[in-house]
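Just below is one structure, and these are the notes that go with it.
The values are calculated or read from the model by the stated rules, or taken from the named source; none is laboratory data. In this text the structure is predicted, and so the values were computed from the model without any measurement. These area figures cover heavy atoms from the full protein model, side chains too; ligands, DNA and RNA do not enter into them. Shrake-Rupley method; radii C 1.70, N 1.55, O 1.52, S 1.80 Å.
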Amino acid sequence: MITSENITEGSVFEWFIYGDVDEKDFVTGQLKGTFRIKDNAAKVTVGILDDLEIEELEQLTFRIKDTEAE
């Protein structure tokens with residue numbers, strides 16, 4: 001859940017994921033998207049796939065563009 005203060009209702013923000021992952025690690029195949037603030041909150045769901053590959057530990061960071069939020 002993303003919460004906000006002093007953000008205009010309906011504001012749209014871009015998010016992105018980076019790290020030791022790529023598009024094939026996610027259900028939607030997307031590493032970026034958008035969300036809209038409603039009642040000082042928003043929800044982004046990112047489904048992670050079990051790709052059945054033997055890999056080293058993968059880490060990712062979820063960021064909101066043009067903010068300090070992670």
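Tell me, please, whether a residue that is at pLDDT 95 or above and under 14 Å from the mean Cα position of the chain (by Cα) can be found in segment 48-57.
Checking segment 48-57: not a single residue is at pLDDT 95 or above and under 14 Å from the mean Cα position of the chain (by Cα).
Scan segment 17-70 for residues that are basic (Lys, Arg), part of a strand (DSSP E or B) and open to solvent by less than 100 Å² (accessible area, probe 1.4 Å) and report the count.
1
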